[in-house]
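The values are calculated or read from the model by the stated rules, or taken from the named source; none is laboratory data. Not measured: the values here are computed from a predicted model. In this analysis, Cβ positions are derived from the backbone assuming ideal geometry, glycine residues included, and neighbour counts consider all displayed protein chains.
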Amino acid sequence: MALRMIAVMACLAAAPVLAQSTVDIPNAQARVIATRAAQAGDFALAIEIAKQLLAQDPDDRTALIVMAAAAPQVGDFDTGQRAGARAWRVSQTDVQKYEAARLTALAAANAERFTLSTIWLRRALTVAPNDTEIERTITDARAISRRNPWSTSLSFSVVPSNNVNGGADDDTLTAPGNFDGQLSADALALAGIRASLGFRTQYRLHATPKNRTTVGLQFNALRVRLEEGAPLPDAAFSTDTTLIDLTHERALPKGVISVTAAAGVSNYATGQEDEPDVETYKYDIVRIGMRYRLPLNAQSEIGFGVQSEQLTYETANIGEVDRVNLSASYTRRTDSGDSWRTAISYTDSDSASANYVFETITLQGNYNWRDPIGPVTFSAGAGVTWADYPDYSLLFAVTGGRQDTTLFYTVNMRFADLSYAGFTPGVSVKHSFAESNVSRFTRDTLAVGFTLTSQF
């Protein structure tokens, strides 16, 4: 079929208008001309030819690709985005789909629809032809994320554990100043699976080279599946926490300071042994904190933080809990690209409820390897926490108070070769050993689970 090409007149721009004419050419040749025009930067000609090709066949993939590439160059981002999306649908191979997805992402980014652009870049990753293109697309996606005033992250984990409830290792209850007793079955370690979901979205309200203000919404949910025959229903360990926060960051002559205020609510369930029903309670959360980061050189920085938190429980026997946390850290990146971090934190908790009065000190460190070892990228961390509850009581006050010492370590493994759409699967191993003079809190907890994290 021949195509009357009105747009070919643009090639004769040097001639008088009355001398211009139209030319009938085959569609195949028109596609070549349109493609070369787009590559040469003659976007008006490319668009005109593509329009006439699409008038005859709305699924003409070459014309759609030309339109997706050329239309944004003249400011018509919507047309470019629609053409790219349609080109994706009619593409027959992964290479074709990759080209269409990237052009659609570019059109969306130029229209400042950064979230939509990120979605199309994730689609591109599912059909990227080689490692070079994968890295190129991930780099572009990270650049888009930095430009996007909206920042959204989603995390998910499924973790089998020998102690999902933080239960004791032994059913004998001992504590200084109290008679020996026996723990109920629901106070012992219960094996099962912990599933957690984390969602956070953040919007940049204001930004300059020296300061930035953001508002965010965070939701975390935890669900548990106990092994068959457990004395409590699964729902007894469900928790949902929602927080809204406002953060302001400012670059100082030396370092960066950030101040965050947050408020929210946490709903949690409790149950009793051999009772199928659970009761749900809540506590309100109010936090304000400040953090200061000071780069020492191109490879290291120190950080200091302080946070005040107030928890208000609706149950009268707990009431209000006030906590203050102080922290300090040192982070360094090695010449090889690895990084390591050490940190210390102190928490002081005060409440009218004696068992919520405590102090803790935590020392920890972690190491992140930049390059994979075989197919796996590793990070590992370990630490120790000392806790003192001076007024802790069971039936009677614990003589000298309750003291706990907890050792813990974590190993995270990510499998970049198995990534899909910019999400990388991984395995997390967490192990902790707690020793306490109140035997209810002596426990050994091991959890090995599946994680899914975003590369941008």
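Is it the case, given these coordinates, that Arg102 is within 20 Å of Ser419 (Cα to Cα), among the basic types (Lys, Arg) and surrounded by 18 or more Cβ atoms within 10 Å (Cβ to Cβ)? Let's see the steps before the verdict.
On the way: within 20 Å of Ser419 (Cα to Cα): yes; among the basic types (Lys, Arg): yes; surrounded by 18 or more Cβ atoms within 10 Å (Cβ to Cβ): yes.
Judged against the criteria, Arg102 is a match.
What do you reckon, is Ala416 in contact with a Lys or Arg (Cβ under 6 Å, 6 or more places away or on another chain), in contact (Cβ under 8 Å) with a residue 24 or more places away in the chain and under 29 Å from Phe378 (Cβ atoms)? Reasoning before the result, please.
Values: in contact with a Lys or Arg (Cβ under 6 Å, 6 or more places away or on another chain): no; in contact (Cβ under 8 Å) with a residue 24 or more places away in the chain: yes; under 29 Å from Phe378 (Cβ atoms): yes.
So Ala416 does not fit the description; no.
Quickly run through the stretch 393-414 and pick out the residues that are of a type in the set (S, T, N, Q) and in contact with a helix residue (DSSP H, G or I) (Cβ under 8 Å, 6 or more places away or on another chain). Break it down into steps so the answer makes sense when it comes.
Looking only at the stretch 393-414, we keep the residues that are of a type in the set (S, T, N, Q), and these are 393, 399, 403, 405-406, 410, 412.
Once the filter is applied, which keeps residues that are of a type in the set (S, T, N, Q) and in contact with a helix residue (DSSP H, G or I) (Cβ under 8 Å, 6 or more places away or on another chain), the stretch 393-414 yields only Ser393.
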Listed by first then second residue, the pairs whose first member lies in the stretch 218-238 and is assigned by TED's automatic domain parsing to the domain that holds Pro160 and of a type in the set (Asp, Glu), whose partner is surrounded by 16 or more Cβ atoms within 10 Å (Cβ to Cβ) and assigned to a helix (DSSP H, G or I), with beta carbons under 6 Å and at least 6 positions apart or on separate chains, are none
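Within the stretch 129-141, how many residues are of a type outside the set (Val, Ile, Thr) and closer than 19 Å to Ala107 by Cβ?
Residues of the stretch 129-141 that are of a type outside the set (Val, Ile, Thr), as a first pass: 129-131, 133, 135-136, 140-141.
Those left that are additionally closer than 19 Å to Ala107 by Cβ: 133, 136, 140-141.
Number of matching residues: 4.
When the stretch 161-178 is examined, which residues are found to be out of contact with any Lys or Arg (no Cβ under 8 Å at 6 or more places or on another chain) and either surrounded by fewer than 19 Cβ atoms within 10 Å (Cβ to Cβ) or farther than 16 Å from Ala189 by Cα (or both)? Give the derivation first.
Step one: filter the stretch 161-178 for residues out of contact with any Lys or Arg (no Cβ under 8 Å at 6 or more places or on another chain), giving 162, 165, 170-172, 174, 176-178.
If the condition is that a residue be out of contact with any Lys or Arg (no Cβ under 8 Å at 6 or more places or on another chain) and either surrounded by fewer than 19 Cβ atoms within 10 Å (Cβ to Cβ) or farther than 16 Å from Ala189 by Cα (or both), then Asn162, Asp170, Asp171, Thr172, Thr174, Pro176, Gly177, Asn178 are the ones that fit.
Given the structure, is Pro390 surrounded by fewer than 18 Cβ atoms within 10 Å (Cβ to Cβ), touching a helix residue (DSSP H, G or I) at 6+ places or on another chain (Cβ under 7 Å) and of a type outside the set (S, T, N, Q)?
Details: surrounded by fewer than 18 Cβ atoms within 10 Å (Cβ to Cβ): yes; touching a helix residue (DSSP H, G or I) at 6+ places or on another chain (Cβ under 7 Å): no; of a type outside the set (S, T, N, Q): yes.
Answer is no for this residue.
For the stretch 117-151, what are the residues that are polar (S, T, N, Q) and either surrounded by fewer than 16 Cβ atoms within 10 Å (Cβ to Cβ) or on the phi > 0 side of the Ramachandran plot (or both)?
Residues of the stretch 117-151 polar (S, T, N, Q): 117-118, 126, 130, 132, 137, 139, 145, 148, 151.
Within the stretch 117-151, Thr126, Asn130, Thr132, Thr139 qualify.
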In the stretch 360-390, residues that are modelled with pLDDT under 95 and not β-branched (Val, Ile, Thr) total 5
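For the structure I just gave you, tell me whether Ser419 is polar (S, T, N, Q) and modelled with pLDDT of 95 or more. Reasoning before the result, please.
Numbers: polar (S, T, N, Q): yes; modelled with pLDDT of 95 or more: no.
Considered against the rule, which asks whether it is polar (S, T, N, Q) and modelled with pLDDT of 95 or more, Ser419 comes out as no.
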If we ask which residues in the stretch 270-309 are touching a Pro at 6+ places or on another chain (Cβ under 9 Å), within 21 Å of Leu222 (Cα to Cα) and assigned to a strand (DSSP E or B), their number turns out to be 2
- request: May I ask you to verify whether Gly365 is touching a residue at least 60 places away in the same chain (Cβ under 8 Å) and either surrounded by fewer than 18 Cβ atoms within 10 Å (Cβ to Cβ) or closer than 30 Å to Leu121 by Cα (or both)?
  value: no
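Can you list the strands (runs of 3 or more DSSP E) lying wholly within the stretch 339-456 that have 2 or more residues being among the β-branched types (Val, Ile, Thr), farther than 30 Å from Trp150 by Cα and in the same structural domain as Ala191 (by TED's automatic domain parsing)? Quick ask: steps written out before the conclusion?
Values: elements: 339-351, 358-368, 377-389, 402-414, 423-436, 443-454.
By residue number, 339-351, 358-368, 377-389, 402-414, 443-454.
Evaluate the following for Asp234: is it over 29 Å from the mean Cα position of the chain (by Cα) and among the acidic types (Asp, Glu)? If you could, list the steps in order and put the result at the bottom.
On the way: over 29 Å from the mean Cα position of the chain (by Cα): no; among the acidic types (Asp, Glu): yes.
Taking the combined requirement at face value, the residue does not satisfy it.
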Of the listed residues (Val438, Val411), the one being crowded, with 16+ Cβ neighbours inside 10 Å and of a type outside the set (Phe, Trp, Tyr) is Val438
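Which of the residues spanning the stretch 208-228 are among the basic types (Lys, Arg) and over 16 Å from Asn148 (Cα atoms)?
If the condition is that a residue be among the basic types (Lys, Arg) and over 16 Å from Asn148 (Cα atoms), then Lys210, Arg223, Arg225 are the ones that fit.
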Taking first residues from the stretch 258-271 that are touching a residue at least 60 places away in the same chain (Cβ under 8 Å) and second residues anywhere that are hydrophobic (A, V, I, L, M, F, W, C), the pairs with Cβ under 7 Å that are 6 or more apart or on different chains are Gly271/Leu232; Gly271/Ala236; Gly271/Val278
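Determine, yes or no, whether Ala221 is within 19 Å of the chain's Cα centre (by Cα) and part of a strand (DSSP E or B). Let's see the steps before the verdict.
Working: within 19 Å of the chain's Cα centre (by Cα): yes; part of a strand (DSSP E or B): yes.
In short, yes.
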query = Can Pro209 be described as assigned to a loop (DSSP other than H, G, I, E, B) and within 33 Å of the chain's Cα centre (by Cα)?
reply = yes
